[in-house]
Amino acid sequence: MNPAGGLARILIGTLLALAAAWPVQAQSPSQPAQEPALQARELAPGAWYVEGLSALGSPANQNFISNAGFVVTPAGVVVIDALGSPALAQRLLAEIRRHTAQPVTHVILTHYHADHIYGLQAFKAAGAKIVAHQAAREYLNSDTARLRLQASRTELAPWIDEQTRLIPADEWLTGDTEFSLGGVRFVVKAVGPSHTPEDLIVYLPREKVLFAGDLVFRNRIPFVGQADSRQWIKALDSLLTFDTKVIVPGHGGVSTNAREDMELTRDYLTHLRKVMGEAARNLEPWEAAYQAADWSRFERLPLFRLANRMNAYNTYLLMEREGN
Ligand SMILES: [Zn+2]
């Protein structure tokens, strides 16, 4: 028996399951799909967010699949994440103008994933300063980023087109920073490499609002992908020390059960590492270890069927590498 072949079949099976579960939404030219609603909600005085759809990016949803936040101060507006297309970013700018005449002075990026950054050029044109962690530069200058954008020009046309560009930050952070704008205090913490090498979170101590990017997945199984789960758990532990009333995750609804949601993500990652770490150390074949593991605490969560096998497999490979 060839274990690699078995694993390849499992991977292909998982990919097919993903493809079947996320149908591409067709857009008929004679009947343009309705624009996805983009309406800001205020979470605390001056702190707002818009919630992306729980879906994969498609022409019909304009790639509106991630959240963005904005904080209105008397000296300008700070935006957290730039949404998934320039058109969406324009709509967010219009939404911001419904609530304040202040200009957007800063955009802070939680990480450089496509669905959080393709709107950047609209904010840049509006005069905002882009702030991100310097670990994103490697990705930004990589073929992966270039090819991803190229593919998006087809897959997400017309929302991503030849005019859509990858925008570097104006200020690259090397670690944590804090600043005040118009009397509002912003704590920016570098928590990568966890979901990505460049993860940042933005915390408002007075409002007790935490913009957590993709570090916190709410009430669902996270997609672990190539993430460094050891660092991710550490990052969650440090976020758990913040006094937080509301968490705005990178995807999905806001959480007022901040502690519970962070603990769920952390405990899931810890469980994956424990089970898959034991299997990797004992040179147990992956499939057998996966079948033998106890998933009962997590198997009722949304996306368990779609994500858990892939997460477990990626973690198995990670634990093999860490073991060396
Ligand atoms: Zn994301």
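Please treat every number below as a calculation from the coordinates, not as lab data. Here the structure is a predicted model, which is why all the values come from computation and not from measurement. Heads up, the Cβs are rebuilt from the backbone with ideal geometry, glycines too, and the neighbour counts pull from every protein chain shown.
At a glance:
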{"item": "Cα centroid separation, segment 296-324 to segment 78-155 (Å)", "result": "30 Å"}
{"item": "Prolate/oblate/rounded label for segment 24-140 (Cα gyration tensor, a/c 1.5)", "result": "oblate"}
{"item": "Per residue convex hull volume, Cα atoms of segment 222-305, in Å³", "result": "109 Å³"}
{"item": "Placed amide H near LEU181: partners under 5 Å, 5+ positions off or other chain", "result": "PHE186"}
{"item": "Antiparallel bridges, percent of DSSP beta bridges restricted to segment 199-324 (to nearest 5)", "result": "50 percent"}
{"item": "Order of LEU109, LEU318, LEU283 - criterion: other Cβ atoms within 10 Å of each residue's Cβ, fewest first", "result": "LEU283, LEU318, LEU109"}
{"item": "Of LYS208/LYS274; LYS124/LYS245; LYS189/LYS234; LYS124/LYS234; LYS129/LYS245, those spanning more than 23 Å from alpha-carbon to alpha-carbon", "result": "LYS208/LYS274; LYS124/LYS245; LYS124/LYS234; LYS129/LYS245"}
{"item": "Antiparallel DSSP beta bridges within the chain, as percent of all bridges there, nearest 5", "result": "65 percent"}
{"item": "Residues whose placed amide H lies under 5 Å from that of LYS129, excluding near-sequence neighbours", "result": "HIS106, VAL107"}
{"item": "At R0 = 35 Å, FRET efficiency that the Cβ-Cβ distance of PHE304 and ASN282 yields, to 0.05", "result": "0.90"}
{"item": "Per principal axis, descending, Cα span of segment 89-146 in whole Å", "result": "38, 18, 17"}
{"item": "Between helix 86-99 and the chain: long-axis angle, C-alpha atoms, 0 to 90°, nearest 10", "result": "50 degrees"}
{"item": "Helix-only CD estimate at 222 nm, as mean residue ellipticity for the chain, using -39500 (n - 2.57) per DSSP H run (n ≥ 4)", "result": "-12000 deg cm²/dmol"}
{"item": "Length added when fully stretched, ARG259-HIS99, from 0.36 nm per residue minus Cα-Cα", "result": "54.6 nm"}
{"item": "Inter-probe distance in nm under a simple model that places probes 7 Å from Cα toward Cβ, at GLN134 and THR154", "result": "3.7 nm"}
{"item": "Net lengthening on full extension, THR177/ARG41 (0.36 nm per residue, minus Cα-Cα)", "result": "46.3 nm"}
{"item": "Tensor-based shape of segment 158-294 (alpha-carbon gyration tensor, a/c under 1.5 rounded, otherwise prolate or oblate)", "result": "prolate"}
{"item": "Between 0 and 90°, nearest 10: helix 258-281 axis offset from the chain longest Cα axis", "result": "30 degrees"}
